[in-house]
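In what follows, a single structure is set out as structure tokens and then discussed.
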Amino acid sequence: MKGQLPQLKRLVLTDAGLETDLVFNHGLDLPHFASIVLVATVEGRAALEAYYRPYLELARRLGTGFILDSLTWRASPDWAEPLGLLQPELDQLNIAAIEMLHRLRAEFATDTLEIVVSGCIGPRGDGYDPGQIMSVTEAADYHGHQARVLASAGVDMLSALTMTNVNEATGIALAAQKVGLPVVISFTVETDGRLPTGDLLMDAVEAVDAATGGYPAYFMINCAHPDHFAAVLDQPAAWTRRIRGVRANASRCSHKELDAMTELDQGDPVELGQLYRKLLEVQPQITVLGGCCGTDLRHVTAIANACMGLPRFG
């Protein structure tokens, strides 16, 4: 399956900042920022389908592929109790989330619109703060549970988003390998381009590859503004060729500043699109484009329009 992922050979879009869009732009309540709770109700599922559809229509109109990332970022075992759920109930919501994506793929997929169903795995704790760092073995054991649930639901791949530290990222990669699924590791960085642990992005990518025999299909950066990491990717290198995707924030604010915000900083969609284009001019291997906190359909549309103009996508 790893060699068959369409994003390894063509431009593919993702959605944007699902949680921030639903909370700030649509007024939905997400306890603990966990969008998985919406799957439990008819109204919630309708809101989620209404969220995903315009992105699929955008991909169809532009002739790109699309990655349907599941809303399971905050749906690993430790989140069951805070969400008032038993573990089997949370597992069923994980499965239901994937089933919804399969229905959307059945509706939109064509010979030209290739759609990948991706099971999203988030950090055990906070997406901005590494907190107490697990050992690689502990991380593989912990995330192995959700990896098995998502695999049983029939995902094409796993995506580990907002990874803050090397050990957890490595553990998820090993958990994915155990269930036989391709996996993407997406690190978040601070305003200085380093992981929240202080590690260089280069060192993090190389460490995960070294510990897993290069198992991840590729790496990504998400939940940071391009200004925070563009300098790190200012020239091609062996390790940067492993970075194939970007899901940036709309805001230039730090994670600490974003955490304290009561209003959404939506930035400038057109400017964000141009910043993506500049990244791709330096790093032409990047083929996965989407958004993270503060972004919505406007941002992904601007990003796609800016980057579609590059000669290799013409």
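The listed residues are L181, L195, L150, and the only one of them that is within 19 Å of the chain's Cα centre (by Cα) and within 21 Å of C293 (Cα to Cα) turns out to be L195.
The C-beta contact set for the range 181-207 (first residue more than 19 Å from Q132 (Cβ to Cβ), second residue of a type in the set (S, T, Y) and in a loop (DSSP other than H, G, I, E, B), distance under 9 angstrom, 6+ apart or interchain) comprises P182/Y215; V183/Y215; T191/S254. For the range 263-314, the set of residues classified as aliphatic (A, V, I, L, M), in a loop (DSSP other than H, G, I, E, B) and closer than 23 Å to D69 by Cα consists of L264, I286, listed by residue number.
Is it fair to say V246 is crowded, with 16+ Cβ neighbours inside 10 Å and more than 27 Å from A306 (Cα to Cα)? No; evaluated as a whole, the condition is false for this residue. Report the residue count in the range 234-252 for those that are over 19 Å from the mean Cα position of the chain (by Cα) and not charged (D, E, K, R). Selection size over the range 234-252: 5. When the range 190-238 is filtered for residues that are part of a helix (DSSP H, G or I), in contact with a strand residue (DSSP E or B) (Cβ under 7 Å, 6 or more places away or on another chain) and not hydrophobic (A, V, I, L, M, F, W, C), only P226 remains. Can you pull out the residues in the range 151-162 that are outside any loop (DSSP other than H, G, I, E, B) and under 14 Å from I67 (Cβ atoms)? Within the range 151-162, M157, L158, S159, A160, L161 qualify.
Could you tell me which residue of the range 269-301 is surrounded by the fewest Cβ atoms within 10 Å (Cβ to Cβ), considering only residues that are in contact (Cβ under 8 Å) with a residue 12 or more places away in the chain and among the acidic types (D, E)?
In the first step, residues of the range 269-301 are kept if they are in contact (Cβ under 8 Å) with a residue 12 or more places away in the chain; the result is 269-270, 272-301.
This time we only want the ones that are among the acidic types (D, E), so: 281, 296.
Values: E281: 10, D296: 25.
Within the range 269-301, the match that is surrounded by the fewest Cβ atoms within 10 Å (Cβ to Cβ) is E281.
Of all positions in the range 15-32, at least one carries a residue that is farther than 16 Å from T295 by Cβ and part of a helix (DSSP H, G or I). Restricting the search to the range 138-193, which residues are closer than 22 Å to L233 by Cβ, touching a helix residue (DSSP H, G or I) at 6+ places or on another chain (Cβ under 7 Å) and surrounded by fewer than 24 Cβ atoms within 10 Å (Cβ to Cβ)? Hits for the range 138-193 are V189, E190, T191, G193.
Looking at this structure, is R148 in contact (Cβ under 8 Å) with a residue 24 or more places away in the chain, among the charged types (D, E, K, R) and farther than 21 Å from L18 by Cα?
On the way: in contact (Cβ under 8 Å) with a residue 24 or more places away in the chain: yes; among the charged types (D, E, K, R): yes; farther than 21 Å from L18 by Cα: yes.
When the stated conditions are applied, R148 passes them.
From the residues in the range 33-48 that are in contact (Cβ under 8 Å) with a residue 24 or more places away in the chain and either assigned to a loop (DSSP other than H, G, I, E, B) or under 18 Å from the mean Cα position of the chain (by Cα) (or both), which one is nearest to G294 (Cα to Cα)? Step through it out loud before you land on a result.
First, pick out the residues of the range 33-48 that are in contact (Cβ under 8 Å) with a residue 24 or more places away in the chain: 33-40, 45, 47-48.
Next, from what is left, pick out any that are either assigned to a loop (DSSP other than H, G, I, E, B) or under 18 Å from the mean Cα position of the chain (by Cα) (or both): 33-36, 48.
Numbers: F33: 14, A34: 16, S35: 15, I36: 19, L48: 17 Å.
So the residue we want is F33.
So in the range 111-136, with the set limited to residues that are hydroxyl-bearing (S, T, Y) and at pLDDT below 95, which one is surrounded by the most Cβ atoms within 10 Å (Cβ to Cβ)? For the range 111-136, the residue satisfying everything is Y128. Scanning the range 59-73 for residues that are touching a helix residue (DSSP H, G or I) at 6+ places or on another chain (Cβ under 6 Å) and not in a strand (DSSP E or B) yields L62, S70, L71, T72.
The values are calculated or read from the model by the stated rules, or taken from the named source; none is laboratory data. Source: prediction; values computed, not measured. Cβ: placed from backbone, ideal geometry, glycine included. Neighbour counts: every protein chain shown.
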